[in-house]
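Chemist: One structure is given below, represented as structure tokens, and several questions about it will come after.
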Amino acid sequence: MDLLFSFLLLSTSLLHSSAANDTAALASFRSQTDLHGALLSNWTPTTTPCTANWLGITCTNGRVAALSLPFLNLRGPIAALSSLDQLRFLDLRGNRLNDSLSPLAQCLNLKLLYLSGNDFSAEIPPQFSSLHRLLRLDLSNNNLRGHIPSQLSNLSRLLTLNLQENKLSGQIPNFLDSLPHLTHLNLSNNELSGMLPETLLSRYGNTSFSGNQALCGKTPLPDCSTIADKPSSLPKTTVPSNPTSLPPPSKKHHHRLSRGEIIALVAANLLLLLVIASFGMLCCCCKASTHASSTAAGSDGRKRSSSCSRANGDSDGTDKSKLVFFDRKKQFELDELLRASAEMLGKGSLGTVYRAALDDGSAVAVKRLKDSNPCTRKEFEQYMDVIGKLRHPNVVRLRAYYYAREEKLLVYDYLPNASLHSLLHGMRGPGRIPLDWTTRISLILGAARGLSKIHEEYAGSRIPHGNVRSSNVLLDKNGNACIADFGLSLLLNPVHSIARLGGYRAPEQGEIKLLSQKADVYSFGVLLLEVLTGKAPYPAGTKAGEEEEELAVLDLPNWVRSVVRDEWTAEVFDQELLRYKNIEEELVSMLHVAMACVVAQPEKRPAMREVVRMIEAIRVEQSPLGEDYDESRNSLSPSLATTEDGFI
């Protein structure tokens with residue numbers, strides 16, 4: 001009897017301990033994803049999830065068995081959920097969650113997992129193979145990359161697998177045909193390539209694989225023999241302006257033009273005129289002079305073309321009008337772009353940016369370059385290849401470009417949530433909703449990661465961004481910061497680029513007149529000071545890129561140094577930030593990072609990867625007040641899960 005009593009006592013103690021672990025895990029999850037505590041308001045520290053009916057929680061035998069919080073605008077990592085070892089049902093669709101999916105591999109009792117419409121951007125974890133009880137897995141509408149891991153073949157009980165609308169690449173694995181209970185599969189709109197087995201096509205239908213331009217196989221897919229000689233991952237593909245024609249095959253002999261080809265060429269020229277008319281501007285007459293120059297790309301003596309040039313008699317650009325894409329999915333024809341309603345978003349030193357609404361309801365941003373870019377097709381394509389191959393969640397993505405002698409267009413993903421500059425400086429005064437501390441640091445960290453990726457990707461050639469400023473830090477649909485305008489410095493003569501681009505200038509650029517990655521670090525430091533002080537680096541009445549360099553930049557670094565030197569450190573920070581409690585240590589730590597970036601000697605500045613590590617090491621507490629910066633402008637419309645199941 002005593003033994004039985006001891007056993008029951010031990011069991012009760014373990015149950016209470018496990019329930020306490022569940023409560024701690026959910027509290028940690030809330031602190032990381034509900035920044036202001038308004039979304040999960042009844043998850044209070046004085047209660048427990050199973051006894052107080054916390055929002056979205058279902059319990060079994062005193063343990064958390066289901067967590068359902070779809071479309072709540074939660075954002076942040078999900079690692080805290082890894083200790084919910086009795087969790088069977090997890091539904092976090094349509095939020096802004098990010099970071100790694102790997103921690104969920106520890107939730108061994110999961111049966112139903114719905115994570116569509118978030119912002120996960122890593123690979124699908126091979127560790128998911130340990131989720132042996134999993135019945136339904138929905139990771140659609142994220143930014144997942146890499147191959148579909150072969151380890152998922154261990155999920156023998158899987159009924160549905162939704163991986164559509166990601167950036168998955170490689171071949172479709174053979175194990176998908178051998179999962180005995182899999183009844184629904186969707187891999188559409190990814191970057192998958194290779195031959196699709198006929199058994200998979202007949203079992204799941206063409207719609208399950210549509211939008212993967214490099215797939216081949218039985219009809220309606222392209223015949224594999226016609227693309228056998230093509231590389232598996234092309235850097236770009238071309239969509240002709242004639243919507244009924246295909247990319248012309250490469251032939252060494254000449255042939256007489258057919259009637260259809262003649263019509264296509266005539267239509268191409270007409271469409272060129274429509275491009276010019278659609279943006280409401282007439283092209284200036286081209287200069288007849290030849291301009292070519294070159295300069296050193298870095299101290300290692302490597303040479304690159306310093307500006308685009310055009311030789312007399314250059315005939316390219318007017319014979320074929322086409323959009324050249326760097327991505328196989330979601331392509332469109334030039335005439336669709338011409339039909340789109342265009343809204344001007346702004347004018348910059350390099351051109352005008354428009355928002356174009358396409359036929360399918362999506363939107364793209366189109367930058368119409370100014371007459372400072374009289375490039376030959378070959379030169380222009382070389383620079384576009386440099387820009388277009390870069391892929392990173394914190395860099396604005398170049399989707400396509402258009403080249404003609406009189407007209408050059410760059411097509412980007414459209415980011416709907418304005419810029420860091422407008423969030424920091426817009427509508428100061430009564431009625432303004434302050435940009436809270438955690439959001440500011442989240443955005444600055446995203447910008448740092450994007451700039452670090454640019455520097456690491458082009459470390460050999462030392463290609464800089466060249467135009468780092470708050471108006472070039474844009475917010476995507478999930479509120480993540482993305483660096484814009486990378487690579488446009490390649491189109492300019494270095495002597496003129498500093499004046500034309502107008503990024504925050506490093507001291508050495510007054511003499512050297514060259515862009516550099518070290519100067520980018522200085523510019524980022526000024527950007528961080530802008531976030532901390534709330535002060536715009538440009539004085540009233542001046543514009544970025546003015547020829548008078550002494551007017552172009554308000555010297556934030558020297559102003560901050562003078563204030564700190566006089567021991568008025570609190571006077572440095574934005575008054576909006578001083579409303580928050582217990583963040584003084586974080587503010588000062590972040591100020592140290594900024595000042596390390598803006599030291600006068602370029603060789604003493606940290607590399608951007610070190611800057612990222614320093615920011616990540618600063619623990620940012622939950623902001624105690626303030627509203628979400630874009631609650632009223634949220635444009636996220638995630639897809640719904642296709643099934644509803646119990647979780648027992």
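The values are calculated or read from the model by the stated rules, or taken from the named source; none is laboratory data. Because the structure is predicted, anything quoted here is derived from the model rather than measured. In this analysis, Cβ positions are derived from the backbone assuming ideal geometry, glycine residues included, and neighbour counts consider all displayed protein chains.
Chemist: Just need a number here: residues in region 326-358 that are closer than 21 Å to Gly211 by Cβ and under 23 Å from the mean Cα position of the chain (by Cα).
Modeler: 11
Chemist: Of the conditions (1) buried (at least 18 other Cβ atoms within 10 Å of the Cβ); (2) more than 26 Å from Asn162 (Cβ to Cβ); (3) of a type in the set (Val, Ile, Thr), Thr44 fails just one. Which one is it?
Modeler: Unmet for Thr44, out of (1) buried (at least 18 other Cβ atoms within 10 Å of the Cβ); (2) more than 26 Å from Asn162 (Cβ to Cβ); (3) of a type in the set (Val, Ile, Thr): (1).
Chemist: Of the residues that sit in region 449-474 and are polar (S, T, N, Q) and touching an Asp or Glu at 6+ places or on another chain (Cβ under 6 Å), which one is surrounded by the fewest Cβ atoms within 10 Å (Cβ to Cβ)?
Modeler: Here is the first cut: in region 449-474, the residues polar (S, T, N, Q) are 452, 461, 467, 470-472.
The next check asks that each one be touching an Asp or Glu at 6+ places or on another chain (Cβ under 6 Å); those that pass are 467, 470, 472.
On the way: Asn467: 29, Ser470: 22, Asn472: 25.
For region 449-474, the residue satisfying everything is Ser470.
Chemist: In region 143-173, which residues are farther than 21 Å from Ser130 by Cβ and of a type in the set (S, T, N, Q)?
Modeler: The answer is Asn143, Gln164, Asn166, Ser169, Gln171.
Chemist: Taking only pairs six or more apart or across chains, which ones have beta-carbon atoms under 6 Å, a first residue in region 21-50 that is aliphatic (A, V, I, L, M), and a second residue that is at pLDDT 90 or above and not in a loop (DSSP other than H, G, I, E, B)?
Modeler: Qualifying pairs under 6 Å: Ala25/Ala80; Ala25/Ser83; Leu40/Arg30.
Chemist: Same structure again: Please find, among Ala448, Ala418, the residue that is at pLDDT below 85 and in contact with a helix residue (DSSP H, G or I) (Cβ under 9 Å, 6 or more places away or on another chain).
Modeler: Ala418
Chemist: Sticking with this structure for a sec: Would you be able to tell me the number of residues in region 149-163 that are in contact (Cβ under 8 Å) with a residue 40 or more places away in the chain and under 27 Å from the mean Cα position of the chain (by Cα)?
Modeler: Result for region 149-163: 1.
Chemist: I would also like to ask the following. Just the residues that are under 19 Å from Pro126 (Cα atoms) and assigned to a helix (DSSP H, G or I), please, taken from region 166-207.
Modeler: Asn174, Phe175, Leu176, Asp177
Chemist: In this structure, does Leu72 turn out to be more than 24 Å from Ser130 (Cα to Cα), within 23 Å of the chain's Cα centre (by Cα) and free of Cβ contacts under 8 Å to residues at least 60 places away in the same chain?
Modeler: Considered against the rule, which asks whether it is more than 24 Å from Ser130 (Cα to Cα), within 23 Å of the chain's Cα centre (by Cα) and free of Cβ contacts under 8 Å to residues at least 60 places away in the same chain, Leu72 comes out as yes.
Chemist: Here is a further query. Tell me the residue from Leu35, Leu139, Leu135 that is crowded, with 22+ Cβ neighbours inside 10 Å, more than 30 Å from Tyr580 (Cβ to Cβ) and either of a type in the set (D, E, K, R) or touching a strand residue (DSSP E or B) at 6+ places or on another chain (Cβ under 9 Å) (or both), please.
Modeler: Answer to the check: Leu139.
Chemist: Output the residues belonging to region 28-69 that are modelled with pLDDT of 90 or more, more than 29 Å from the chain's Cα centre (by Cα) and aliphatic (A, V, I, L, M).
Modeler: Ile57, Val64, Ala65, Ala66
Chemist: Now, a different point. Among (1) under 13 Å from the mean Cα position of the chain (by Cα); (2) over 30 Å from Lys322 (Cβ atoms); (3) not aromatic (Phe, Trp, Tyr), there is one condition His425 misses while meeting the rest; what is its number?
Modeler: Checking His425 against (1) under 13 Å from the mean Cα position of the chain (by Cα); (2) over 30 Å from Lys322 (Cβ atoms); (3) not aromatic (Phe, Trp, Tyr), the one that fails is (1).
Chemist: Can you confirm whether Pro126 is surrounded by fewer than 22 Cβ atoms within 10 Å (Cβ to Cβ) and within 30 Å of Asn417 (Cα to Cα)?
Modeler: Criteria not met by Pro126.
Chemist: Exactly one of (1) surrounded by 15 or more Cβ atoms within 10 Å (Cβ to Cβ); (2) over 20 Å from the mean Cα position of the chain (by Cα) is unmet by Lys367. Its number?
Modeler: Every listed condition holds for Lys367 apart from (2).
Chemist: For region 590-618, give me each residue that is out of contact with any Leu (no Cβ under 9 Å at 6 or more places or on another chain) and among the hydrophobic types (A, V, I, L, M, F, W, C).
Modeler: Ala596, Val599, Ala600, Ala607, Met614, Ala617, Ile618
Chemist: With the requirement that a residue be assigned to a loop (DSSP other than H, G, I, E, B), surrounded by 18 or more Cβ atoms within 10 Å (Cβ to Cβ) and either out of contact with any Lys or Arg (no Cβ under 6 Å at 6 or more places or on another chain) or among the aliphatic types (A, V, I, L, M) (or both), what does region 73-90 give you?
Modeler: Those that are assigned to a loop (DSSP other than H, G, I, E, B), surrounded by 18 or more Cβ atoms within 10 Å (Cβ to Cβ) and either out of contact with any Lys or Arg (no Cβ under 6 Å at 6 or more places or on another chain) or among the aliphatic types (A, V, I, L, M) (or both): Asn73, Leu74, Ile78, Leu84, Leu87.
Chemist: Right, next: Let me confirm something: among Leu338, Leu423, which residue is more than 26 Å from Lys453 (Cα to Cα), in a helix (DSSP H, G or I), touching a residue at least 24 places away in the same chain (Cβ under 8 Å) and among the aliphatic types (A, V, I, L, M)? Break it down stepwise before answering.
Modeler: Details: Leu423 fails: more than 26 Å from Lys453 (Cα to Cα).
From the options Leu338, Leu423, the qualifying one is Leu338.
Chemist: While we're looking at this one, here's another question. Applying the selection to region 100-119, what residues are surrounded by fewer than 22 Cβ atoms within 10 Å (Cβ to Cβ) and farther than 19 Å from Arg88 by Cβ?
Modeler: Listed by number, the residues that qualify are Ser100, Ser102, Asp119.
Chemist: Return yes when Ser208 is more than 18 Å from the chain's Cα centre (by Cα), at pLDDT 90 or above and not aliphatic (A, V, I, L, M) and no when it is not.
Modeler: The answer is no for Ser208.
Chemist: Related question: Among all residue pairs at least 6 apart or on different chains, which show Cβ distances below 8 Å where the first residue, located in region 169-190, is closer than 16 Å to Gly205 by Cβ and surrounded by fewer than 20 Cβ atoms within 10 Å (Cβ to Cβ) and the second is modelled with pLDDT under 90 and basic (Lys, Arg)?
Modeler: What qualifies is Asp177/Arg203.
Chemist: In addition: Quick check on Ser461: is it touching a residue at least 40 places away in the same chain (Cβ under 8 Å), assigned to a helix (DSSP H, G or I) and over 29 Å from Ala356 (Cα atoms)? Let's see the steps before the verdict.
Modeler: On the way: touching a residue at least 40 places away in the same chain (Cβ under 8 Å): yes; assigned to a helix (DSSP H, G or I): no; over 29 Å from Ala356 (Cα atoms): yes.
Taking the combined requirement at face value, the residue does not satisfy it.
Chemist: While we're on this one: Assuming Leu488 fulfils every condition listed in (1) within 21 Å of the chain's Cα centre (by Cα); (2) at pLDDT below 85; (3) over 30 Å from Arg377 (Cβ atoms) apart from one, which condition is it?
Modeler: Against the list (1) within 21 Å of the chain's Cα centre (by Cα); (2) at pLDDT below 85; (3) over 30 Å from Arg377 (Cβ atoms), Leu488 comes up short only on (3).
Chemist: What residue, of Gly541, Gly503, is surrounded by 15 or more Cβ atoms within 10 Å (Cβ to Cβ), outside any helix (DSSP H, G or I) and at pLDDT below 75?
Modeler: Answer to the selection: Gly503.
Chemist: Residues that are small (Gly, Ala, Ser) and under 14 Å from the mean Cα position of the chain (by Cα): does region 386-406 have at least one?
Modeler: Yes, that holds for at least one residue.
Chemist: Sort through Asp119, Asp177, Asp99 and tell me the only one that's in contact with a helix residue (DSSP H, G or I) (Cβ under 6 Å, 6 or more places away or on another chain) and among the charged types (D, E, K, R).
Modeler: Asp177
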